[in-house]
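These notes are about the structure you will find just below.
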Amino acid sequence: MATKKESYAEAMARLETIVRQIDSNQLDIDQLSAKLKEANDIIEFCTDKLNKVDAEVEKMLVGKANTEE
């Protein structure tokens, strides 16, 4: 699971490693199940980060538009 102190870039790097392991058939079935769960957790973490940043940017743009009027 992605930790709260982990950056988006670090989480994406871990996800890319998992994808490479899956693509190259480096994992047995037990490892595959665990890695898929980990990948899902990382995707959720990254999606949340992106949504938060998107909301912050939108808030800034709306605030800027309101001050320019």
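Where a number appears in this text, it was derived from the coordinates with a stated rule and is not lab data. Quick caveat: nothing in here was measured; it's all calculated off a predicted structure. For neighbour counting, all protein chains shown are included, and Cβ atoms are generated from backbone atoms with ideal geometry for every residue, glycine included.
For the chain, the number of Lys pairs with C-alpha atoms closer than 17 Å, counting only pairs eight or more positions apart or on separate chains, is 5.
What's the long-distance tail for the chain, i.e. % of Cα pairs beyond 14 Å? The proportion of pairs with Cα distances above 14 Å equals 66 percent. Between Leu27 and any residue 5 or more places off or on another chain, the built amide H atoms are never under 5 Å apart. How tilted is helix 8-23 with respect to the longest principal axis of the chain? Cα atoms for both, answer in degrees (0 to 90, nearest 10). It is inclined by approximately 30 degrees. Angle between the Cα long axis of helix 29-68 and the longest principal axis of the chain, 0 to 90 degrees, nearest 10? Taking Cα atoms only, the helix is inclined about 10 degrees. Once you mark the trypsin sites (Lys or Arg not before Pro) that are in a DSSP loop and have at most 16 other Cβ atoms within 10 Å, what is the longest gap between them in the chain? Answer from the scan: 6-69. Between Arg20 and Ala65, what FRET efficiency follows from the Cβ-Cβ distance if R0 is 35 Å, with the result rounded to 0.05? It comes out at approximately 0.25.
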